[in-house]
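Note sheet for the following structure.
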Amino acid sequence: MNKNELIDLLSYDKVESNVFMPNEIFNDLSSDLTNSSHIAFSYSYYYLISYLYRYCKYIDKHYDPSTIKQILSYSSTNKTLDYLIKKNGVLDQLKYTNTIKDYPLQWSLEDGIVDFIMYSETLKEANKITMAKNQKVKKPLKCFFRAGEQCEEGEYDGTFYDISNTHLIPFEVFLECFSNSQLGCEEFYLYGFLKHLNDKFPEGVQLSINSISEQSGIKLTLTKKTLNYLKKFRMISLYPSEFSIGSPKETWKANKYIINNYNNFSIDPIEYRKSKVTKYA
């Protein structure tokens, strides 16, 4: 899909941009899944349903699994992803999602706390809305709670209510990533991974490609390929270290990565700086 199609389909509004993701999602997904692409898809999927729920996008549109797959640059008929997102699938089992028939119609903020008016609470008015009444949606559970006892006590500690230990990905990043035919879930996932590290190290995070692969759960060859695309479209900036052939291993330094604001992304691929290799004297 091109950007205008995505904007229309997702009812994008620039004042409804902020989506906070839980930092533990990287460890949770990479600990449970071994398929790199499925890790990246699961992250992107959870981000998208968090956006749809937070900003009440179910009022005018029906986002079934086929539509969501298309948004995330997959074929609508792809069945290999179903085990991740179906009822009682992987994301349900990990307590990231829950399959429900209710959905938010309107949101409001009171004293900085978000509140929702649900379909089930206003059935009389909701019946006027042109939407399948029996549709099922995925509730992003980590947006409401991240520790079971808080949920049981009715005290929400999820990312809609407490943004500690989260990383913010503006929805414009999602639009740029999924309207570019050369980018997709893997790039969006590694951008988010580096973003959560850059929040801790604002001047840049120094990591070897091997470390990025190990910590993110993305296979090494795919990590290299994905980082190249992130650099080509200026989604991240690379500050390469110098490497001398034959130098002692203890002198080697990892490259430094800094994520870029979506305003600095490039529409077309660009040349980027590479590590300088010299001969050790």
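Readers should treat all values here as calculations from the given coordinates under stated rules, not as data from a laboratory. Only a predicted model underlies this, so the values are computations on that prediction, with no experimental measurement involved. Here the Cβ positions follow ideal geometry from the backbone for every residue, glycine too, while neighbour counts run over all protein chains shown.
Note on the chain: Rg/Rh from Cα positions, Kirkwood definition for Rh, rounded to two decimals, is 1.01.
Considering all C-alpha pairs of region 3-167, those separated by over 19 Å amount to 57%. In order along region 88-97, the Karplus-derived 3J(HN,Hα) couplings, from 6.51 cos²θ - 1.76 cosθ + 1.60 at θ = phi - 60°, round to 6, x, 4, 5, 5, 5, 7, 6, 8, 9 Hz, and Gly and Pro are given as x. Close amide H contacts of TYR63 (hydrogens built in the peptide plane, cut-off under 5 Å, sequence separation of 5 or more or a different chain): none are found. Charged side chains reduced to their Cβ positions (Lys and Arg at +1, Asp and Glu at -1) give the chain a dipole of some 1320 debye around its Cα centre.
The long axis of helix 185-198 is offset from the longest Cα principal axis of the chain by roughly 70 degrees. Give, rounded to the nearest 20 debye, the magnitude of the charge dipole that region 66-123 has about its Cα centre when Lys and Arg contribute +1 at Cβ and Asp and Glu contribute -1 at Cβ. The calculated dipole for region 66-123 is roughly 560 debye. Can you tell which of ASN27, LEU52, SER37 lies farthest toward the positive end of the dipole of region 1-53, using +1 and -1 charges on the Cβ of basic and acidic side chains (Lys, Arg; Asp, Glu)? Among ASN27, LEU52, SER37, the one farthest towards the positive end of the dipole of region 1-53 is SER37. Compared with the dominant Cα axis of the chain, that is its longest principal axis, helix 36-54 is turned about 40°.
Seen from LEU109, the other residues with C-beta closer than 13 Å to its C-beta sum to a net charge of -3, counting Lys and Arg as +1 and Asp and Glu as -1.
Restricting attention to the chain, close to 85% of DSSP beta bridges with both partner residues there are antiparallel.
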